[in-house]
Structures are given as C-alpha cells and as structure tokens.
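See structure below.
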Amino acid sequence: MIKRAPIALCDCGMAQALDILGDRWSLLILREALYGVARFDDIQADINIPKSVLSQRLTRLVNHGILERRAYQEPGVRKRYEYIPTEAGRAFALPLLAILQWGDQFVRRQPGKLGLRDRSTGNSVFVGLIDQNGQAVEQDNVVYAFPDQEGETEQALD
C-alpha cells in the first residue's frame, strides 16, 4: 500500500489544473462554452449561477487562457462580451466528455440524451485511453511512470 502520492502537488499537472478548474461552477461554465453558449446572460440563465460568481469565474478562466473574451454589440444596445473557448478550453472537452460518460454509467445508470458520434461514419464514440500509436489501451494495462532517484518507477492505476 502506498502511503503518499508519487508526485508532489506543486509538480502535478492534475493538481494544478484542479486549482483552476476544480469547482462546480467553472466546470459548468466550460460545459456551456463547449456547447456553444457564450454570452454572460445565457450562461447565467442556463446554470442559475449568481452573477457575481459568474463574473469571477469567467475572469479566472480568461486570465488562465481557457476562455477568450470577445466584444459584440447588438443594434441599440451597449457593447457586451461573449466567452469563447481557446485551444486550451476546447482541449478540456475530453475530460468533460469523460465525466459525461461516467455520469451516464454510474450516476444516471442509463444512457444520456447526449450521445457522441463520428461525423463521417455515424459510429458511437467513447472517451478512452490510446497509446502514442493510436491503439486503444485497457485501463488495467496503464501505469503511472515517474522518475525517482534510481531511474523510472511504475505504479498501476488503482
């Protein structure tokens, strides 16, 4: 049994990402942005978030380069802003889709209303693990590989 994590929080990409994205509101805001909901009032109405909290979270996501703030103006209305995912924000779709599929399987216990399909084949798509050659890898075959004082050490994902 391991008594301590194999990597310090300050060196762990997962821990650092959770510092930015690890609260419910930030994840829901990114969910909205990835679905194409970009305007403050629309995000606020969809997820029922207090405006002050939404403003704070949007500022943090923009400051960390996950969303981009773009001005727009409708005729007769003052200039406003929409929030568009950057490359980093779009890349975060993968963890959110994994959460979606996990939630459908273990929380809802039934397929969700939102499915994923390959546009060209129509086949269902699932988030999974692939190796550097694009081959699927079973989770039981994946190990953490991290350097220690004597070289590289491996530890299974448990």
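The values are calculated or read from the model by the stated rules, or taken from the named source; none is laboratory data. Please read all numbers here as calculations on a predicted model, not as lab measurements. Quick reminder, even Gly has a Cβ in these numbers, built from the backbone with ideal geometry, and neighbours come from all protein chains shown.
Please find, within the range 89-105, the residue that is nearest to LEU28 (Cα to Cα) out of those that are surrounded by 13 or more Cβ atoms within 10 Å (Cβ to Cβ) and hydrophobic (A, V, I, L, M, F, W, C). Can you show your working first?
Filtering the range 89-105 for residues surrounded by 13 or more Cβ atoms within 10 Å (Cβ to Cβ) gives 89-90, 92-93, 95-101, 104.
Those left that are additionally hydrophobic (A, V, I, L, M, F, W, C): 92-93, 96-100.
Values: PHE92: 12, ALA93: 12, LEU96: 9, LEU97: 12, ALA98: 14, ILE99: 12, LEU100: 12 Å.
Filtering first and then ranking leaves LEU96.
Looking only at the range 56-82, residues that are within 19 Å of GLY22 (Cα to Cα) and either in contact with a helix residue (DSSP H, G or I) (Cβ under 6 Å, 6 or more places away or on another chain) or without any contact (Cβ under 8 Å) to a residue 12 or more places away in the chain (or both) come to 8 in all.
Taken over the range 106-149, the criterion of being modelled with pLDDT under 90, charged (D, E, K, R) and surrounded by 10 or more Cβ atoms within 10 Å (Cβ to Cβ) is satisfied by ARG108 alone. Just so you know, in the range 72-105 the residues that are among the β-branched types (Val, Ile, Thr) and outside any strand (DSSP E or B) include one that is modelled with the highest pLDDT, and it is THR86. Every condition in (1) under 20 Å from THR86 (Cα atoms); (2) free of Cβ contacts under 8 Å to residues at least 24 places away in the same chain; (3) hydrophobic (A, V, I, L, M, F, W, C) holds for ALA8 except the one numbered (1). Look at (1) of a type in the set (Val, Ile, Thr); (2) under 24 Å from GLY103 (Cα atoms); (3) touching a Leu at 6+ places or on another chain (Cβ under 7 Å) and you find that ILE84 fails only one, number (2). Considering only residues of the range 1-57 that are surrounded by 11 or more Cβ atoms within 10 Å (Cβ to Cβ) and among the polar types (S, T, N, Q), which is farthest from ALA145 (Cα to Cα)? Ranking the candidates gives GLN44 first.
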